[in-house]
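Here is the structure we will look at, set down as structure tokens.
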């Protein structure tokens, strides 16, 4: 069966354009149909991808900008297979939310177009097999979000969005310089190439790797966000409309995590080993800082924002354990967190409806009374967030910690505290909103049919992943080991150079 | 009594008239425009003169296309027609066409008289041709003055506006200082090398080992400073915001693209050809100028309420980016400069088209507040401005991004990756002034007209013509075409890169 990745990639943008051009009363429907088509296509991909064969499949490769040597190269591998489907799920949920749950906020055509462009850019970043193309899509992702926030955002949107843009673009444009430099240097006067497949053959000298790797790492850490680079997050999260925030928190951070595995590690194995501990320190700091902040802030939205910092810290930790299990766990956790965090963002919006519009935990309480089904849904999602045994999040975090234990035990001990802290903030979010005394403003009601339409499918995905995490894990294993192989080789040769037989 | 007088007179130099055709077209057009401008009926003056200007620029472009790919030396080594000249002439004449349309119904052309306005624009363009094509110090200076003098007048062409006169005077004074500095530099250069031809100068520097000669170094310094004035590079840029703001907006648009292209053309040719043997001495200076220009331009543009001032500082910053391509002294660097000038001018001119439209439609002039609510009021202009700002900021999928990509690639290949990193960081700073414009357009819901009828509230006692003027369809058209070009070249940049592929062929890099 031939699957054209270009169709998946451009379909959302085309749907968005149609939504803009056709009468605006159809816009939300067209947007939903577009995301559903992409979802169907990615599910076909999941079924059709030859797991036994592994590797890169459905490759599209055209020379795009011949003067510079940039290729329009797309492909599906074990690394991005599940993330593509996750992207489709979240964007579909967001389109559905906009259609059924949000009041008309004006200009639905433009909204649909921007969401379509956003999805195209995200899919492009996941699919790109040329790192210049990856960087271009990575930068492009931000543009639709700028407009989405400027037009439909909260009261401080202008300054919030500027902060978001400045933070994230510093990283990603430096990454662009890094990406171009690697290609030009590897070409050594000839025609540069940025194809990921070709670069493995001509790795860079170790001297150049250092700063370019750091540029990539900075870009990814800002986008996630990770602890010292999260300055844009509180304002950014507070001012995003719900449908946009769900996508942003669920998917964009995962592009960054994916970037580490897809681009940074294979490209800069020596630098990855050299800076392994630095990144693990950042990861652990993110876990602790995010968890503590998530436990203290009053805004339900920011509880999720800070918990994302912590969760993404786990993912970085898993990747930079430079151990197969850690990376597998990180990739699984990327999918888990995307679905759970996306769903919880919608839950926050639903909570706000029951408290007269406030997202503050201090205005909530006793919402479970009169909304048992809603409470049940929320509870399951909270358990998933805190990685209760039995959920796929548990499997993910367990594998991450296992990988970290084998490579850097000290980090694993500290990170394990984060697992306990997750239980604190997840349960605090649940208990203080759903239980306790019924707060003044609270006017609770049961999960409506429309809310259920959005949240129940996401819940089903969470349960499905919990029952069969292997589905997401199995294609990843081969791919992560490939992504790590270069770095592990460097590590092994270092180890055998210093102490005999210390290599794993 | 048939003395052979002819034998005593040196043979007249051979002149390749075909090679000079772009210059001749521009000069001829300038004369025709001046004559037509004397016509009695106002309709002829206001409609035919701009048409003459359009036709002339189009004819010049036609000549450029006919000469495409040639590499010839004209008039005994005074001028050189090579791909660099032709590419830059394409930019200049393209900017000429667009600026003519922008100025078509402008107040300025009315105040100074149409014949003069458009013929000065054509004369200035002729000067730009001489400047970018010159390969001799004397022709360079002739070109420089032929370019500058018409522009001094054009800046002051809104003779009834104080600001415009001030801008013209300021530009005249600062420009003259720049010209004088260049001239002094040229004199010293001639003194040091004994030559006026560029390649002869290069040969003299190499053979006499002049690279450390104090006289020669003084000459290089004066040339650098003089051209930095002309190209408005920091720290010699102070005139730019005032002149850009005060000059009639179509003239500002023309200057920001055409003058810039011409200035970089002559800088490339003078330094990369004549002074290349001494590249090690002047390269660090230009690197420093590039850095200062990028910083000053980007910082200066922050929080400017006037769009024209903001675009002036932005053009300073953009000139700094172009210098990154220049200091490399490589083939790729020159190609990157040419593609940058082409791709950047699209977004820049689009921005000016919208500014002019709003100047005519509202009474807020070029203030950024004139753009408030544009998204719901004039969606096409709003989209044009958005694309222009994104392109100037270098966001992916716009022409400006591809221009920067090319520069970064050239810098990386020329071992100046750190300069590319600085460029990128400063272009992030530039987002802090480009994006608020976009935000103003799309978020600023002005108080909607009471009944949503969209009518302009009638002022008490206002005569029918007191309501804000109409922008004119040509502005929307130009803006839309340029915005589409920004998007198309942002996705398919290869045609532009092919166009400039041979840019450095005549330089011997």
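Throughout, read-outs are computed from the coordinates displayed, never taken from laboratory work. Small disclaimer: the values here were computed from a predicted structure and weren't measured. Positions of Cβ are backbone-derived with ideal geometry, glycine not excepted, and every protein chain shown enters the neighbour counts.
Tabulated data for the structure shown
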{"read-out": "Whole-angstrom gap from the range A:313-376 to the range A:266-294, using each part's C-alpha centre", "value": "22"}
{"read-out": "Distance from the range B:403-446 to the range B:197-232 (C-alpha centre basis), Å", "value": "32"}
{"read-out": "Cα radius of gyration and Dmax for the protein assembly as shown (Å)", "value": "31.4, 127"}
{"read-out": "Cβ neighbours within 10 Å from other chains - mean over A:169-179", "value": "6"}
{"read-out": "Inter-site label distance for residue B:160 and residue B:15 at 7 Å from Cα along Cβ, in nm", "value": "4.2"}
{"read-out": "For B:321-327, mean number of other protein chain Cβ atoms within 10 Å", "value": "0"}
{"read-out": "Largest-first ellipsoid semi-axes for the range B:263-389, taking √(5λ) over the Cα gyration tensor eigenvalues, angstrom", "value": "35, 15, 10"}
{"read-out": "0 to 90° range, to nearest 10: angle between helix B:198-208 axis and chain B longest Cα axis", "value": "50"}
{"read-out": "Folded to 0 to 90 degrees: helix B:473-491 orientation relative to chain B principal axis, Cα", "value": "60"}
{"read-out": "Rounded if a/c under 1.5, otherwise prolate or oblate - the range B:280-331, Cα gyration tensor axes", "value": "prolate"}
{"read-out": "16 Å reach of a label modelled at residue B:477, 7 Å along Cα-to-Cβ, counting backbone N of the range B:68-108", "value": "B:97-106"}
{"read-out": "Spatial separation of Cα centroids for the range A:31-65 and the range B:5-63, in angstrom", "value": "60"}
{"read-out": "Shielding by partners - mean other protein chain Cβ count within 10 Å, residues of A:132-142", "value": "2"}
{"read-out": "With eigenvalues of the C-alpha gyration tensor scaled by 5 and rooted, chain B, Å", "value": "39, 28, 20"}
{"read-out": "Per-residue [θ]222 nm for chain A (sum of -39500 (n - 2.57) over DSSP H runs n ≥ 4, rounded to 500)", "value": "-23500 deg cm²/dmol"}
{"read-out": "Prolate/oblate/rounded call for the range A:346-475, Cα gyration tensor, a/c under 1.5 rounded", "value": "oblate"}
{"read-out": "Using alpha-carbon coordinates, inclination of helix B:214-230 to the longest axis of chain B, degrees", "value": "20"}
{"read-out": "Cα gyration tensor category, rounded, prolate or oblate, for the range A:52-96 with a/c compared to 1.5", "value": "oblate"}
{"read-out": "Inter-probe distance in nm under a simple model that places probes 7 Å from Cα toward Cβ, at residue A:464 and residue A:492", "value": "3.8"}
{"read-out": "Length added when fully stretched, residue A:296-residue A:471, from 0.36 nm per residue minus Cα-Cα", "value": "59.4 nm"}
